[in-house]
Amino acid sequence: MRSLIKDIFLSIFLLSIFAGAGYLFYEDLHGEIGNEGGEVIGEITFIENGAQRKFSGRAVWGELETSAPVYNYDSLRTIDNAGAIIKLIDGTEITLASNTYIVLEWGEEARSIEFLGGNISAAASGSDSDLQIKSEDTVIALNRASVTLNKQDGEDINLSVDEGTIDITKDGKTTNIEENYRASISDEIIVEQEAVKLKYPSNNRLIVTTSAAVPMEFSWESILPLNNPRLEIGEYKDFFRFTDYELGRNTELYSMNSIPGTYYWRISGEFTDGTEYHSPPNRVVIIRDNAPDQQVPYVDEVFEYRNTAPDLAFSWEASTLANGSRLQIATDNGFNSLVSNTSGPNNFSTISSLTEGSYFWRVIPQYTAADLVAYSSPEVRRFFIEKNDSQDPAQLILPLADETVNPLKVKEGLRFSWKADREIGTYHILISKDREMNAPLTDQWLSRNSYLMEDLPPQGDYYWMIEGLDRENKAVPPSEFRKFTVMEAVLSIDPVKPAAESLSIVESFDNIHFAWESTLDGPYKVEVFRKSGGGLPLVTQVTNSTSINIVLPGAGEYYWQVTVLDENENIVLLSSQTDFEMVQRLSPPRITGPNETEVLSLLGSTPLDIRWQPVAGASYYTADLIPGNAAYPSMERESSAETGWSIIEKRNLRAGGYTLHVQAHTPLDGGITNSSRSAIRSFNLDQVQDYGAPRLTYPANEQSISRLNIIDNKPSFRWVQTPPLARQRIRLSKDPNFSTLILDEELRTLNRAIPDLDQGSYYLQLMAKDEKGNKSPDSTIYSFSVSPVPPLPGVQSFEPLAEQIIDMETRDDLKFSWSSIPKTTYYRVALYPEASAKAIFKEEKWSRTQYNFTKLEDLNIGRFRFEVQAVREMDGKIFQESSVLGVPFELTLPEIAEIPDILSPELQYAR
């Protein structure tokens with residue numbers, strides 16, 4: 001019996017313990033997560049896609065927000081595609097990449113980060129005491145250095161020292177690691193020197209922009225020589241997929257355009273012994289944020305006062321990711337003369353004591369841990385403060401001018417309001433059936449700037465106005481008269497949007513906006529039906545507003561209706577049924593070229609080729625090419641069914657980043673066009689240069705050149721080109737189609753000797769390309785002709801002259817001489833009696849330009865004909881001949897009285 005009682009008490013005791021523990025766990029699970037009174041050791045300065053924190057001694061993880069305090073002994077973690085930046089009170093900055101887990105401990109003697117896994121960067125500048133990173137049995141003393149650590153499940157710890165010197169202690173042994181060295185920590189510590197030090201963007205760098213593409217400059221410092229250096233950029237830290245860019249041997253800077261996203265970058269290459277090298281990667285996050293959007297004061301808004309300067313309220317829509325905003329007010333638009341410069345986490349501020357004058361204001365976003373790149377300049381607005389000695393009348397607000405008031409919707413009465421004026425002490429409202437206010441329905445003095453008419457007057461037109469007294473009990477000028485109309489109480493509810501028989505372009509499970517007009521207030525029940533649904537509503541929703549967004553499954557034929565319900569959800573009023581149709585939006589084209597972030601060179605005739613895959617149902621496509629530099633012109637392709645865009649003319653292209661937008665379209669009935677969302681692709685042009693076509697300068701087009709000139713002077717085909725390319729090509733043919741070629745040669749010069757061409761017409765074309773094979777446009781097809789070889793110039797006789805009479809009395813020879821003809825190989829010379837074809841002498845290949853004939857015994861007095869002809873031979877054949885020059889002349893002797901007996905009359909010249 002005693003044992004049974006003991007067992008019962010023990011059971012009750014254990015149940016009490018379990019119940020208490022369960023209650024405590026429930027409170028921890030469901031209670032408000034907080035750490036009131038905890039020691040604050042830092043602040044969250046940035047969060048990307050969420051991060052979580054668990055307080056010391058708690059079991060539940062809570063979501064973190066930017067600017068949230070960090071407490072001693074906090075556990076912090078990130079998930080996939082997430083990140084966070086922490087700034088501790090001593091200036092230490094800790095960056096957590098995705099899937100990282102740390103615990104912070106902040107003691108008087110030692111401060112430590114327990115690193116449980118993932119990827120962190122820690123910069124311990126400004127620490128008053130040594131900061132340590134602990135991971136299992138490894139302790140890393142930062143010594144005010146900057147390091148990056150990476151540790152995945154089952155893997156070694158890998159770290160690199162970005163700046164300073166650290167000490168690694170493991171198993172009682174301490175190893176010193178200097179800047180630009182890396183270490184792998186497992187059973188032992190392996191230290192290697194880096195060949196490259198990555199400088200910017202540094203690891204886990206956050207970049208904020210307002211642009212679609214960001215001009216990025218990657219920089220590094222070479223420490224050891226590398227062959228074939230490359231910049232590699234990927235979206236994954238294991239570089240599963242990446243884009244590489246070849247670098248020059250001494251290059252330490254590379255510029256390109258990047259779209260927002262998370263990237264990893266490194267420098268790779270080979271050591272001089274052929275060993276492959278990859279630097280530790282740096283992670284960079286580029287986020288597109290919105291610039292602050294100013295709300296009030298409006299542009300050139302005027303604030304008037306009589307006695308006391310007003311308190312001005314400033315408000316703006318803050319940047320989503322900014323930690324705070326700086327409101328600046330100045331008397332000049334360059335903000336050199338600031339009258340207010342305040343910072344804070346809010347998106348509003350009230351400024352007092354501004355005197356009369358003109359002012360400018362702007363809002364500058366403040367990011368604690370980010371670089372601003374391609375961030376739009378803050379908007380600048382002007383406003384005025386004016387002192388007005390005269391009192392303005394009250395400015396009416398509601399009801400609006402000529403507003404129609406539905407008595408069924410004004411259950412609590414009609415509210416009249418006007419702008420408050422600090423100079424007016426008492427307001428006087430008058431409401432009357434007539435404009436002259438002869439029989440006012442309302443005549444009341446008020447201290448506030450509003451009035452509620454609880455009981456509406458009957459249907460009809462009415463007028464209202466505001467008078468008043470200022471603070472000195474002087475009459476205020478009356479306001480304008482404003483008319484309003486009380487309508488008849490008619491029950492109606494009419495669908496407005498989607499309109500009857502309307503056609504909409506939608507995505508799958510899109511939000512569709514429904515709106516209606518009703519003379520009755522809600523609640524309203526909206527029902528949407530498929531025409532093929534058999535009369536059963538596809539969606540039913542209840543709202544108190546006269547519009548609602550409803551998610552529908554996509555394309556199809558529908559109808560809808562709206563019902564006014566009473567407090568018991570009974571039908572009070574039912575609208576008509578309205579048909580509408582929805583068509584599925586076309587899918588965006590899939591761009592196949594250029595590749596994302598690809599770097600292209602457009603040299604010579606190389607076009608910018610843009611290609612995309614066809615979209616089912618699309619009739620045509622449009623494309624826009626937008627440069628990253630707004631000073632450069634954008635380009636637009638006209639609508640076309642072609643799935644490509646080849647930009648040959650480069651006059652509007654520049655080196656730099658570009659963003660391509662491609663849309664698919666198809667026309668629908670009713671003048672509606674179904675257009676896809678834009679497919680977007682960013683790429684970079686590093687070189688853009690047109691090559692001019694080669695231009696022939698000799699011979700000129702359709703010029704005739706002599707074959708003799710070709711042979712004697714050996715001229716060359718000559719041409720020019722801008723710029724002159726390294727590899728030239730010349731083609732020469734007898735026909736304009738170049739079906740048979742006389743010449744087809746590649747050259748390194750802009751000239752080529754003209755070959756020996758026969759008489760006739762010829763066609764020539766020039767081509768060129770650079771060392772990389774980029775071509776220039778081909779030249780036009782030039783034509784020229786080769787004229788036949790002309791005869792040699794005619795010979796001129798010096799002796800004898802034509803028709804010369806030569807007295808032979810004292811002569812022992814007969815001399816012949818003639819002009820020299822250039823290029824002549826020899827001369828043909830002969831002497832004939834005038835009427836005979838039989839030569840007295842004849843030389844076929846006489847080389848000189850004179851001939852002495854001494855066989856005078858072969859001559860007689862009388863008339864003779866001397867003939868001479870120039871002849872030019874080439875390759876043993878006659879090439880040119882002059883015309884034959886015939887020189888008639890006469891030989892005489894004086895008459896004698898007696899003829900010696902020894903001489904016969906025929907031989908009178910013989911001696």
query = Within the stretch 184-221, restricting attention to residues that are of a type in the set (Gly, Ala, Ser) and in contact (Cβ under 8 Å) with a residue 40 or more places away in the chain, which residue is least open to solvent (accessible area, probe 1.4 Å)?
reply = Ala195
ask   = If you take the residues of the stretch 54-78 that are part of a strand (DSSP E or B) and without any contact (Cβ under 8 Å) to a residue 24 or more places away in the chain, which of them is least open to solvent (accessible area, probe 1.4 Å)?
value = Lys54
note = Note: among Leu224, Leu231, just one is part of a strand (DSSP E or B), over 30 Å from Glu136 (Cβ atoms) and not aromatic (Phe, Trp, Tyr), namely Leu231
message = I'm trying to understand the selection: among the residues of the stretch 559-588, which are free of Cβ contacts under 8 Å to residues at least 60 places away in the same chain and under 30 Å from Ala618 (Cα atoms)?
response = Tyr559
remark   = For the stretch 738-788 the number of residues that are in a strand (DSSP E or B) and of a type in the set (S, T, N, Q) is 6
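Grab the strands (runs of 3 or more DSSP E) fully contained in the stretch 430-511, keeping just those with 3 or more residues being of a type in the set (A, V, I, L, M).
Values: elements: 440-446, 450-453, 460-470, 482-486, 493-497, 502-506.
Fully inside the stretch 430-511 and qualifying: 460-470, 502-506.
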ask   = When the stretch 437-453 is examined, which residues are found to be within 18 Å of Thr485 (Cβ to Cβ) and either open to solvent by 70 Å² or more (accessible area, probe 1.4 Å) or in contact with a Phe, Trp or Tyr (Cβ under 8 Å, 6 or more places away or on another chain) (or both)?
value = Met437, Leu441, Thr442, Met453
remark   = Only one of (1) in contact with an Asp or Glu (Cβ under 9 Å, 6 or more places away or on another chain); (2) open to solvent by 80 Å² or more (accessible area, probe 1.4 Å) does not apply to Ser678, and that is (2)
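Let's see how each residue does on (1) among the basic types (Lys, Arg); (2) part of a loop (DSSP other than H, G, I, E, B); (3) open to solvent by less than 30 Å² (accessible area, probe 1.4 Å):
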{"site": "Arg283", "(1), (2), (3)": "yes, no, yes"}
{"site": "Ile286", "(1), (2), (3)": "no, no, yes"}
{"site": "Asn290", "(1), (2), (3)": "no, yes, no"}
{"site": "Gln295", "(1), (2), (3)": "no, no, no"}
{"site": "Glu304", "(1), (2), (3)": "no, no, no"}
{"site": "Thr308", "(1), (2), (3)": "no, yes, no"}
{"site": "Trp316", "(1), (2), (3)": "no, no, yes"}
{"site": "Thr320", "(1), (2), (3)": "no, yes, no"}
{"site": "Arg326", "(1), (2), (3)": "yes, no, no"}
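Here's the yes/no breakdown for (1) at pLDDT 90 or above; (2) assigned by the TED database to the domain that holds Ser733; (3) surrounded by 14 or more Cβ atoms within 10 Å (Cβ to Cβ):
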| position | (1), (2), (3) |
| --- | --- |
| Glu803 | yes, no, no |
| Ile821 | yes, no, yes |
| Thr824 | yes, no, yes |
| Ala837 | no, no, no |
| Glu843 | yes, no, yes |
| Leu859 | no, no, yes |
| Gly862 | yes, no, no |
| Gln880 | yes, no, yes |
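Please work out if Arg731 is open to solvent by 20 Å² or more (accessible area, probe 1.4 Å), within 30 Å of Met874 (Cβ to Cβ) and in a strand (DSSP E or B). Don't jump to the end; show me each part of the working.
Values: open to solvent by 20 Å² or more (accessible area, probe 1.4 Å): yes; within 30 Å of Met874 (Cβ to Cβ): yes; in a strand (DSSP E or B): yes.
Yes: the conditions hold for Arg731.
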remark   = Of (1) of a type outside the set (Lys, Arg); (2) open to solvent by less than 60 Å² (accessible area, probe 1.4 Å); (3) under 42 Å from the mean Cα position of the chain (by Cα), Glu178 satisfies every one except (2)
ask   = In the stretch 233-278, which residues are crowded, with 17+ Cβ neighbours inside 10 Å and of a type in the set (A, V, I, L, M, F, W, C)?
value = Ile233, Phe239, Phe242, Leu247, Met256, Ile259, Trp265, Ile267
ask   = Which of the following residues is part of a loop (DSSP other than H, G, I, E, B), modelled with pLDDT under 90 and open to solvent by less than 50 Å² (accessible area, probe 1.4 Å): Ala420, Ala394, Ala374?
value = Ala374
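A quick yes/no check of all residues on (1) surrounded by 15 or more Cβ atoms within 10 Å (Cβ to Cβ); (2) closer than 11 Å to Leu660 by Cβ:
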| position | (1), (2) |
| --- | --- |
| Gly604 | yes, no |
| Gln613 | no, no |
| Gly617 | no, no |
| Leu625 | yes, yes |
query = All but one of (1) open to solvent by less than 50 Å² (accessible area, probe 1.4 Å); (2) in contact with a Lys or Arg (Cβ under 7 Å, 6 or more places away or on another chain) hold for His665; which doesn't?
reply = (2)
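Looking at the stretch 130-171, which of the residues that are of a type in the set (Gly, Ala, Ser) and at positive phi is most open to solvent (accessible area, probe 1.4 Å)? Explain how you work it out, then say what you get.
Just the residues of the stretch 130-171 that are of a type in the set (Gly, Ala, Ser), to begin with: 135, 141, 145-146, 154, 160, 164.
Applying the additional criterion that residues be at positive phi yields 154, 164.
Working: Gly154: 89, Gly164: 26 Å².
The residue in question is Gly154.
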query = Looking only at residues in the stretch 681-694 that are buried (at least 17 other Cβ atoms within 10 Å of the Cβ) and under 19 Å from the mean Cα position of the chain (by Cα), which one is farthest from Glu598 (Cα to Cα)?
reply = Val688
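The values are calculated or read from the model by the stated rules, or taken from the named source; none is laboratory data. Since this is a predicted model, take the numbers as computed values, not measurements. Every residue, glycine as well, gets a Cβ built from its backbone with ideal geometry; the counts of neighbours run over all protein chains shown. We work out accessible area using only protein heavy atoms, side chains counted, and drop any ligands, DNA or RNA first. Shrake-Rupley method; radii C 1.70, N 1.55, O 1.52, S 1.80 Å.
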